[in-house]
Amino acid sequence: MTSISTHRTVLAAAVAAVLAFGAVSQVHAQSAAEQRRADREAARAAKSGKSDKKEVAYPNATRKEPGTKASAKAGPKLQKMMKLYDSEKPAEARAAADEIIANESFNAYDRAFAAQIAAQIAYEADDSNAAVAYLDKALAFDGLDNNGHYNAMLMKAQLQLQDDKYAEGLVSIDRFLNESKSTNPEHLVIKGNALYRMEKYPEAAAVLKQAVDASPDPRADWQQLLMAAYAESGQGDQAIAMAEKVAAKSPADKRAQMNLAAVYLQADKYDKAAATLEKLRAAGQLTDDRDYRQLYSTYLNLDGKEKQAAEVIKEGLDKGILKPDHQVYLALAQSYYFSEQPIPAIDAYKKAAPLDDDGETYLNLARLLWQEERVPEAKEAAKQAIAKGLKKPDDAKKILALPSK
C-alpha cells in the first residue's frame, strides 16, 4: 500500500522570503507642508515682483535661469489664485490658475507658476494625470527659476512611478538627473526604484549602490531595496555581505535580521537562515504568523530538522501567533511523522483533515492509522477521504477492504 506522501516540498508549504523594503516611489521630494511654504514664498514674490534670496538647490544645472518674474499685469490674478489656495478653496484656485495659464498676454513665469500651483491642487485631489499635465505645462512655459523648474520635473517623475508608469517615470527621472546634474542620493534612489520595478535589477543595483555609498547615513529602505536588487540580479554574495553588515550594525533590529534571513534563503543557505531566525525566536521577536511560518518552513528544507519544525509550530500555536489552518496542521503532522512521532502526527492529521479542500489529508491519516494497526479508525478516515473527494481513491478502497481486527 502506498505510504504517506513524503516529498519535502509538500512538507514545507514554503513561505516565500521577501525583503521588507518600502515603495520608495511613493515618497515625494517635498511634503505637502513644504510645498505650501514654497508656494507662499512664490506668492509673495509674485505680489512684489521680487524674489527672496534662497538656497540654490541645483548649482550644477545645465539650464540657465530665465530671470523672468511675475508681471504687473498678472500680479493681482496670481495673488487671487494664492489667496483661494491658502483659504482651502481648491476648485476656485484651480479655475483661477487655468485662467492665468490660458492668457497668452501673461509672461512665461506667470503661466508656469500658475501651472505649478494647479499641479499641486490636482495632486492633493488625487488626480495625478491632471497633475502631470499641469507639470508638463509648467516645464513647457520654461519661466520658473531652476529650483521650481527642476522640482516640477522631479514631481512629474515621482507621480508617474506612483501610478506604476515605470517606463515613463524612468524617462522623466533620467531627464531630471541629466539636466539638473543632481547627485542627491534621494534622487538617485528614485531612479533605482524605477529600474527595480521594471525588473532591470543589475542597473537598479548599480544606481542604488551609488546612492547608498553617497549617503553618510543611508536609509534602511534604500539598503533593503539594494539588497533586493542584488538578490534578484543573481548577485547573492553582494546581497549577503550587505545584509550581514546591516544586521551586525543593528542586532536588535528585527527587520534587519529578517532581511538577513531572507537573503540567506534566496541563496539556499537554509542553515544560516534558521540560525538567524532562531536568535529572533530566543529574543521573543517572532511575533507574527508569517515569522513562525518562515522558521518552520526553513527547518523543513533542511535534512533531519523535522523535530525542530514541529517544536516551532507547536510553540506558535500555543502562543496564539500561528493561525491554526490546514497548512499549519499538515506541516505539524508531517513534521511529527518524519521525526518518528506517530501518535502526535495522528492527532495533527485529525485537525488538518477537516480543513482540507478535498480528501487527501484524510487519506494520509488513514494510511498512518493503518500503519499503526488502528484498522477501524483507518477505515473511518478512508470513508471520510472518499466522501470529501479523491483523484485516485484506490488506496482508500484498499483500506476499506482490509479485514477488521
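From GLN285, GLN371, GLN308, GLN341, which residue is of a type in the set (S, T, N, Q) and under 21 Å from ALA385 (Cβ atoms)?
GLN371
Is it the case, given these coordinates, that TYR270 is among the aromatic types (Phe, Trp, Tyr), in contact with a Leu (Cβ under 8 Å, 6 or more places away or on another chain) and farther than 30 Å from VAL171 by Cα?
Yes, satisfied.
Out of ASP303, ASP318, ASP347, I need the residue that is among the charged types (D, E, K, R) and farther than 23 Å from GLU278 by Cα. Which one?
Testing whether each residue is among the charged types (D, E, K, R) and farther than 23 Å from GLU278 by Cα leaves just ASP347.
Tell me the residue from ASP86, ASP39, ASP98, ASP110 that is modelled with pLDDT under 60 and not basic (Lys, Arg), please. Explain how you work it out, then say what you get.
On the way: ASP86 fails: modelled with pLDDT under 60; ASP98 fails: modelled with pLDDT under 60; ASP110 fails: modelled with pLDDT under 60.
Every option except ASP39 fails the conditions.
Over 17 Å from HIS326 (Cβ atoms) and among the charged types (D, E, K, R): is that true of LYS351 in this structure?
So LYS351 fails the test.
Go through (1) surrounded by fewer than 20 Cβ atoms within 10 Å (Cβ to Cβ); (2) at pLDDT 95 or above; (3) of a type in the set (Gly, Ala, Ser) for ALA32 and report which single condition fails.
(2)
Go through region 126-171 and give me each residue that's surrounded by fewer than 21 Cβ atoms within 10 Å (Cβ to Cβ), among the charged types (D, E, K, R) and either under 16 Å from PHE113 (Cα atoms) or in contact with a Pro (Cβ under 6 Å, 6 or more places away or on another chain) (or both).
Hits for region 126-171 are ASP136, LYS137, ASP142.
Looking at (1) charged (D, E, K, R); (2) more than 20 Å from HIS326 (Cβ to Cβ); (3) touching a residue at least 12 places away in the same chain (Cβ under 8 Å), which is the only condition GLU360 fails?
Answer for GLU360: the failing condition is (2).
Those residues that are aromatic (Phe, Trp, Tyr) and either surrounded by fewer than 24 Cβ atoms within 10 Å (Cβ to Cβ) or under 23 Å from the mean Cα position of the chain (by Cα) (or both), I need them from region 285-327; list them, please.
Going residue by residue through region 285-327, those that are aromatic (Phe, Trp, Tyr) are 292, 296, 299.
Matches in region 285-327: TYR292 only.
For LYS165, which of the numbered conditions (1) farther than 30 Å from ALA267 by Cα; (2) more than 19 Å from the chain's Cα centre (by Cα); (3) free of Cβ contacts under 8 Å to residues at least 24 places away in the same chain fails to hold?
All conditions are met except number (2).
Failed condition for ALA274, given (1) buried (at least 17 other Cβ atoms within 10 Å of the Cβ); (2) at pLDDT below 95, with all others met?
(2) is the only condition that ALA274 fails.
Considering region 173-205 alone, what residues qualify as being surrounded by fewer than 16 Cβ atoms within 10 Å (Cβ to Cβ), more than 24 Å from TYR150 (Cα to Cα) and over 15 Å from the mean Cα position of the chain (by Cα)?
Across region 173-205, the qualifying residue is only PRO202.
Got a number for residues in region 81-113 being under 42 Å from the mean Cα position of the chain (by Cα), surrounded by fewer than 20 Cβ atoms within 10 Å (Cβ to Cβ) and not acidic (Asp, Glu)?
Total meeting the criteria: 8.
Restricting to region 369-405, what's the tally of residues that are under 16 Å from ALA348 (Cα atoms) and touching a Pro at 6+ places or on another chain (Cβ under 6 Å)?
1
Six or more apart or on different chains, Cβ atoms under 9 Å: show the pairs whose first residue is in region 75-88 and more than 15 Å from ILE121 (Cα to Cα) and whose second is buried (at least 20 other Cβ atoms within 10 Å of the Cβ) and of a type in the set (Phe, Trp, Tyr).
The qualifying pairs are LYS77/PHE106.
The values are calculated or read from the model by the stated rules, or taken from the named source; none is laboratory data. All figures in this text were calculated on a predicted structure; none of them were measured in a lab. For neighbour counting, all protein chains shown are included, and Cβ atoms are generated from backbone atoms with ideal geometry for every residue, glycine included.
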